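S.K.: Supplied in structure tokens, the structure appears directly below.
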Amino acid sequence: MTHNISIAIHGGAGTILRSTMTPALQLQYENGLQDALHAGYSILAAGGSSLDAVAAAVASLEDFALFNAGKGAVFNSAGKHEMDAAIMNGKTLEAGGVCGVNGIKNPVRLARAVMEHSGHVLLAGMGAEDFARLQGFEFEPDSYFYTEQRYKQWQEALLEGKVQLDHSDKKFGTVGAAALDKDGNLAAATSTGGMTNKKYGRIGDSPIPGAGTYANNKTCAISCTGHGELFIRSVVAYDISCLIEYKGLSLHDACKLVVYDKLVKIGGEGGLVAVDNQGNVSMPFNSEGMYRACRTKDRNEVKIYKD
Ligand code: ASP
């Protein structure tokens, strides 16, 4: 049986205001989303796997400087870029993640290597970088990750002594994808620079299976973006999967309950993209906006604001 292919991607949620957006900048964001959507969808359309599709979509978003992942990763308190990423295979429930890695061009690809070749699920910092060298990953110099916009954000955060999420003053930024392939296999991937000016080796929800990233063929695939601490405490991605598996909720209702009710009650701002095993897509967020896009048998959308 051939399944309906579907993919949904995001470039982060947050206080994205029309008043601070120019038409030219909006077009750049939309083009970045469109390119990533195409990178993932074309793999699915050619009969490729959801795992390859989410990895390609996320790598494309990582290479796009306006999103907080890979090239556009924010600065931490030491002026470095410490990135987190994860990928999960819904067919096997295998998962791989990296936390606090520096110099890796595409952390999502390293997360996949962790899943496929390390015998572990989550590798951190220098250990993850040693593993990357063994796997033949190339390292980029700090200058590759330098962008004027991120440097300014970091300087502002330093002056105010704040730890900041991306996308304006309440900024979330992170990229991710969830997909269903023609064989009915689901996969999800997420990648982030985390929070501007973060310290002490802070890790968010993105690289943690079940929190910011989850995929299970029985239910759905999910990639989250938002205030990581709250998403970890709410085990957001797994909670949605459980509501579908154990309570029989639809993808839409499960997402609604978690994003607009459970998360809101504990002050968890953000959103997610989700695809279920029938190819339905849900992209809820409780923040001002979320960079997002999807393509299914009857949807082809690129959106930023609520409408
Ligand atoms: N969830 C990410 C983190 O807390 C940030 C984001 O989505 O913007 O690291």
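S.K.: Could you sort D276, D35, D52 by their accessible area in this structure, using a 1.4 Å probe and putting the largest first?
M.R.: D35, D52, D276
S.K.: Below 8 Å between Cα atoms, with a sequence gap of 6+, how large is the relative contact order for the chain in percent?
M.R.: Averaging sequence separation for qualifying contacts and normalising by length gives 26 percent for the chain.
S.K.: Most fluctuating residue of A57, A177, A132 in a GNM of the chain with Cα springs under 10 Å: which is it?
M.R.: Largest GNM mean-square fluctuation: A132.
S.K.: So, in nm, how far is label Y200 from label E94 when the simple model puts each one 7 Å beyond its Cα toward the Cβ?
M.R.: 3.6 nm
S.K.: Which FRET efficiency value, to the nearest 0.05, is calculated for N4 and R233 with the Förster distance at 30 angstrom and r the Cβ-Cβ distance?
M.R.: The computed FRET efficiency comes out at 0.30.
S.K.: Leaving out ligands, DNA and RNA, and with a 1.4 Å probe, what % of the accessible surface on the chain is carbon or sulfur? Before the final figure, lay out the partial values.
M.R.: On the way: 6370 of 12090 Å².
Within the chain, the accessible surface is 53 percent carbon and sulfur.
S.K.: K247: net charge of surrounding residues, Cβ under 12 Å, Lys/Arg +1, Asp/Glu -1, itself excluded?
M.R.: -3
S.K.: When the helices in the chain are scored as -39500 (n - 2.57) per DSSP H run of 4 or longer and the sum is shared across all residues, what 222 nm value do you end up with, to the nearest 500 deg cm²/dmol?
M.R.: One gets -9500 deg cm²/dmol as the mean residue ellipticity at 222 nm.
S.K.: Taking the chain as the region of interest, what is the percent of Cα-Cα pairs per 10 angstrom bin, listed from the shortest bin to the one with the maximum distance?
M.R.: Histogramming the chain at 10 Å steps yields 7, 32, 38, 19, 3, 0 percent.
S.K.: Based on a Kirkwood Rh over C-alpha pairs, give the Stokes-Einstein translational diffusion coefficient of the range 1-154 at 20 °C and viscosity 1.002 mPa s in µm²/s.
M.R.: Details: Rh = 16.5 Å.
It comes out at roughly 129 µm²/s.
S.K.: Keeping every protein chain present and rolling a 1.4 Å probe, give me the accessible area per residue for the chain in Å².
M.R.: 39 Å²
S.K.: Work out, step by step, the length gained on full extension between S19 and S250: first 0.36 nm times the residue separation, then minus their alpha carbon distance; give nm to one decimal.
M.R.: Difference between extended and current length: 79.6 nm.
S.K.: I've got another one for you. So, by mean Cβ neighbours within 10 angstrom, what's the order for 82-93, 233-244, 218-229 with the highest one leading?
M.R.: Values: 82-93: 26.2, 233-244: 22.5, 218-229: 28.2.
Final packing ranking: 218-229, 82-93, 233-244.
S.K.: Below 8 Å between Cα atoms, with a sequence gap of 6+, how large is the relative contact order for the range 1-114 in percent? Before the final figure, lay out the partial values.
M.R.: Working: 156 pairs, mean separation 20.6, N = 114.
Averaging sequence separation for qualifying contacts and normalising by length gives 18 percent for the range 1-114.
S.K.: When only alpha-carbon atoms are used, what values of Rg and Dmax, in angstrom, describe the range 95-243?
M.R.: Over the range 95-243's Cα set, Rg and Dmax evaluate to 15.9, 52 Å.
S.K.: Between D298 and Q26, what is the label-to-label distance in nm when each label sits 7 Å out along the Cα-to-Cβ direction?
M.R.: Here the answer is 2.8 nm between the modelled labels.
S.K.: Between the alpha-carbon centers of the range 72-144 and the range 208-251, tell me the distance in whole angstrom.
M.R.: Spelled out, the Cα-based centre of one part sits 22 Å from the other.
S.K.: Roughly what % antiparallel, to the nearest 5, for the DSSP beta bridges in the chain?
M.R.: In the chain, approximately 90 percent of DSSP beta bridges are antiparallel ones.
S.K.: Along Cα→Cβ, 7 Å out, is where each label goes; now give me the distance between the ones at L159 and Y146 in nm to one decimal.
M.R.: According to this spin-label approximation, the distance is 2.1 nm.
The values are calculated or read from the model by the stated rules, or taken from the named source; none is laboratory data. Note that the coordinates shown come from a computational prediction; the quantities given were computed from them, not determined experimentally. In this analysis, Cβ positions are derived from the backbone assuming ideal geometry, glycine residues included, and neighbour counts consider all displayed protein chains. Just so you know, the surface numbers come from the protein's heavy atoms only, side chains and all, with ligands and any DNA or RNA stripped out. Shrake-Rupley method; radii C 1.70, N 1.55, O 1.52, S 1.80 Å.
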